[in-house]
Amino acid sequence: MKKIVVLTGAGISAESGIQTFRGADGLWEGHNVMEVASPEGFKKNPLLVLDFYNKRRQQLLMVKPNQAHQALIELETHFNTTIITQNIDDLHERAGSSSIVHLHGELLKVRSSGGTDGTDDETLDWRKDLLLGDTCPNGYQLRPHIVWFGEQVPLFDKAIEITEQADILIIIGTSMQVYPAASLVNFISQNTPIYVVDPKPSVRKNDFNNLTIIEKTAVNGVPDLVSKLIANFPR
Ligand code: APR
């Protein structure tokens, strides 16, 4: 089976009702990103940060995967498919995709703020509000299992390994502005076809060999792309 790697960003979840990060006002749900998504912000005002992610978690539990998330499952019947997502939502999981790497962490998990970098066995599933005073067994405050600005991306090496083996790369709904995630595209082999689905794509026609840009929203562009790939690439 050919290997497909799908790199997704906030744009794939936009039509489910989750706001993207870099909208016109440059704010994330009304906040300066560094205030709510950095270790310094958490140290300065833990209550604000916990409250911010509590609201994001509550919102996530009310929305559903859209046709773009769902279409990606069909790829699995035909290709060895891995999704590398920058999103902290669980919409790929709920849609039914089976191989997902969450580069920037997961909103429905928490971990101790006592010095771990959050490898999977150190996380707890968490669907309710996270409060000041919710602690790990060693007494440290629990924090969202999110990779904040300035923190290491523990799954990046794994993501590189997966990307290097891609026969086809699909990029959906990311502004490709946040590193190291955005640099993954440089790890594909030369001439690997790349398909970008984004109504305002940040890559241009000449940036890569073999690049196809589909200037559509995820819901309008991904199902068609999936059908074409299944029809055009022999198993
Ligand atoms: N369908 C597809 N793409 C869309 C849609 C849509 N309906 N709506 C918007 N987009 C595109 C935008 O044109 C933009 O290119 O989605 C992209 C969203 O970009 P960002 O808001 O920058 O989100 P993302 O690239 O995922 O951000 C990366 O930044 O704040 C951090 O850690 C956070 O994971 C996040 C990272």
Exercise. Restricting segment 9-19 to residues that are over 20 Å from Y179 (Cβ atoms) and not small (G, A, S), which is farthest from the ligand (Cβ to nearest atom)?
Worked result: I18
Problem set entry | G105 vs. criteria surrounded by 15 or more Cβ atoms within 10 Å (Cβ to Cβ), within 11 Å of the ligand (Cβ to nearest atom) and either acidic (D, E) or on the phi > 0 side of the Ramachandran plot (or both) | yes
Problem set entry | Condition check for D134: closer than 29 Å to V219 by Cβ and acidic (D, E) | no
Exercise. What is the number of the single condition among (1) surrounded by 22 or more Cβ atoms within 10 Å (Cβ to Cβ); (2) within 27 Å of L50 (Cβ to Cβ); (3) within 13 Å of the ligand (Cβ to nearest atom) that E151 does not meet?
Worked result: (1)
Exercise. Considering only strands (runs of 3 or more DSSP E) fully contained in segment 116-235, which possess at least 1 residues that are more than 30 Å from S38 (Cβ to Cβ)?
Worked result: 168-172, 194-197, 211-214
For this session: Determine if segment 31-47 includes at least one residue that is free of Cβ contacts under 8 Å to residues at least 60 places away in the same chain, among the basic types (K, R) and not assigned by TED's automatic domain parsing to the domain that holds L184.
Result: yes
Seminar exercise, completed: Given the conditions (1) away from the ligand (no atom under 16 Å from the Cβ); (2) surrounded by fewer than 16 Cβ atoms within 10 Å (Cβ to Cβ), every one holds for S183 apart from (1)
For this session: Please identify the pairs in which a residue from segment 200-228 that is free of Cβ contacts under 8 Å to residues at least 40 places away in the same chain has its Cβ atom under 7 Å from the Cβ atom of a residue that is of a type in the set (S, T, N, Q), counting only partners at least 6 apart or on another chain.
Result: S202/S175; N209/Q190; N209/N191; N210/N191; N210/T192
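Residues are listed down the side, and each one gets a yes or a no for (1) within 13 Å of the ligand (Cβ to nearest atom); (2) modelled with pLDDT of 95 or more; (3) assigned to a helix (DSSP H, G or I):
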site: L7; (1), (2), (3): yes, yes, no
site: F21; (1), (2), (3): yes, no, no
site: A24; (1), (2), (3): yes, no, no
site: M34; (1), (2), (3): yes, no, yes
site: F42; (1), (2), (3): no, yes, yes
site: N54; (1), (2), (3): no, yes, yes
site: P65; (1), (2), (3): no, yes, no
site: I73; (1), (2), (3): no, yes, yes
site: T81; (1), (2), (3): no, yes, no
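The values are calculated or read from the model by the stated rules, or taken from the named source; none is laboratory data. Remember, predicted model here, so these are calculated numbers, not experimental data. Reconstructed Cβ throughout: ideal geometry from the backbone, glycine too, with neighbour counts over all protein chains shown.
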